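This report refers to the structure that appears directly beneath it.
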Amino acid sequence: MIDAAARLALESHLDDRIEFDAPLARHTSLRIGGPADAIATPADRDELAATLAICDAHSIPTTVLGAGFNVLIREGGIRGLVLRLKKLREVERRGQDLIAVEAGASHATITRFCVDHALSGLEFAAGIPGTLGGWLAMNAGIGVREMKDVVHEIDLLDRRGMALPTLPRDRLDFRYRALHGLEPGSILVAARLRVTPGDRARIREEIDRLLESRRATQPIDIPSCGSVFRNPPGDHAGRLIEAAGLKGLREGAAQISPVHANFIVNHGGATASDVLRLIDRARRAVADETGIVLETEVKLLGTPARTASFEEACGIAGGNAS
Ligand SMILES: Cc1cc2nc3c(=O)[nH]c(=O)nc-3n(C[C@H](O)[C@H](O)[C@H](O)COP(=O)(O)OP(=O)(O)OC[C@H]3O[C@@H](n4cnc5c(N)ncnc54)[C@H](O)[C@@H]3O)c2cc1C
């Protein structure tokens, strides 16, 4: 998928910020995922733009990953280049009530900045693990508040690495755990978020309260990908799966969490196929009991396991896919 000329162009541009045929499991919270043809971690926005231009010129597909907290990557891994934006992590204050955040900034970095500067508004997101890019792409939130409530405007690059016009909030089509209407292949690179100057102790207290309630209700000490299913209108996926009697169900080393039935946890060595079998069993059981067909919230990425016959069919038997 990445031929010699493309590999040379990427290597000379990214130096040690690119790895070829690299495992993705360590970049996901579930600790599951086959290899990517390549994983790049651009140093800044310009390098990201130039990397996208190289991929476009060489017809290399690109996939952007945040911190991997809401993805399930299959055994065959991801063809083409996976982009990680963790070096784009600046957070800056813009006047009284805005902060400018780069897409790779983590939930911890953003939360620390808000506490240090006594800025209120993002307390709800402190316990939602990920990066700003993932928060926006998923419209991450908790019951009362979502990213759509705090976004002022966002910056994007298109698939060729060209800057797109900044999109103000009223041109963004946020839905439940989704952001629709972006140009296909575009990448969120930064956003300005609305905040309010507040009392640091109160902000800290609210964050602690929310984190405490998470600790009591979610399996946060074991690898998972957060909510597997979207909540159907008027109900909760976890309640429906529990009512169908599936809490604690195992497939290999994957298990429907005994703590929260909308979480699937990895006890060590689980495969994407184990998780997909649990997803299928939960979906069927809930549909049989209630007629409700659950939709997945977790993003399924990558291809199924590559078998010898698959490799032969692709003409890559015995060789390196890249
Ligand atoms: C223990 C636990 C608790 C959780 N609790 C919550 C919760 O309360 N509420 C909630 O909403 N979620 C929750 N989640 C899910 C997860 O934290 C969120 O979905 C978060 O937004 C994922 O961010 P990420 O950076 O890890 O994105 P990833 O999981 O890496 O990616 C998610 C999607 O976003 C896309 N994406 C990422 N960055 C960009 C970018 N820069 N440009 C374009 N697309 C991009 C990816 O391609 C992918 O499709 C939880 C997860 C865990 C493990």
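The values are calculated or read from the model by the stated rules, or taken from the named source; none is laboratory data. Computed from a prediction, not measured in an experiment: that's the story for all the values here. Here the Cβ is made from the backbone with ideal geometry for all residues, glycine too, and neighbour counts use every protein chain on show. Calculation scope for accessible area: heavy atoms of the full protein, side chains included, ligands and nucleic acids excluded. Shrake-Rupley method; radii C 1.70, N 1.55, O 1.52, S 1.80 Å.
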Filter result (open to solvent by 70 Å² or more (accessible area, probe 1.4 Å) and either at pLDDT below 95 or in contact with a Pro (Cβ under 8 Å, 6 or more places away or on another chain) (or both)) within the stretch 177-214:
Gly181, Glu183, Pro184
Please indicate, with yes or no, whether at least one residue in the stretch 292-305 is assigned to a loop (DSSP other than H, G, I, E, B) and at pLDDT below 95.
yes
Inspect all residues belonging to the stretch 52-63 and state whether any of them is under 13 Å from the mean Cα position of the chain (by Cα) and either closer than 25 Å to Gly127 by Cβ or not in a loop (DSSP other than H, G, I, E, B) (or both).
yes
Which of the residues belonging to the stretch 58-86 are at positive phi, more than 8 Å from the ligand (Cβ to nearest atom) and either in contact (Cβ under 8 Å) with a residue 12 or more places away in the chain or touching a strand residue (DSSP E or B) at 6+ places or on another chain (Cβ under 6 Å) (or both)?
Gly77, Gly80
Between residues in the stretch 146-164 that are not assigned by TED's automatic domain parsing to the domain that holds Asp44 and residues that are at pLDDT below 95 and part of a loop (DSSP other than H, G, I, E, B), which pairs lie under 6 Å by C-beta distance while being six or more apart or on different chains?
Asp158/Glu183; Arg159/Gly185
What about Asp173, is it without any contact (Cβ under 8 Å) to a residue 24 or more places away in the chain, under 20 Å from the mean Cα position of the chain (by Cα) and within 24 Å of Arg93 (Cβ to Cβ)?
no
Restricting attention to the stretch 199-223, and to residues there that are free of Cβ contacts under 8 Å to residues at least 12 places away in the same chain and in a helix (DSSP H, G or I), which single residue is farthest from the chain's Cα centre (by Cα)?
Ala201
Provide a single number: the residues in the stretch 59-115 that are open to solvent by 40 Å² or more (accessible area, probe 1.4 Å), among the basic types (Lys, Arg) and under 22 Å from Ala40 (Cβ atoms).
5
Being in a helix (DSSP H, G or I), open to solvent by 20 Å² or more (accessible area, probe 1.4 Å), closer than 18 Å to Leu8 by Cβ and in contact with a Lys or Arg (Cβ under 9 Å, 6 or more places away or on another chain), is that true of even one residue in the stretch 27-37?
no
Segments classed as strands (runs of 3 or more DSSP E), wholly inside the stretch 129-198, with at least 1 members that are touching a Gly at 6+ places or on another chain (Cβ under 8 Å):
173-175, 187-194
State the number of residues belonging to the stretch 127-146 that are crowded, with 20+ Cβ neighbours inside 10 Å and over 14 Å from the mean Cα position of the chain (by Cα).
1
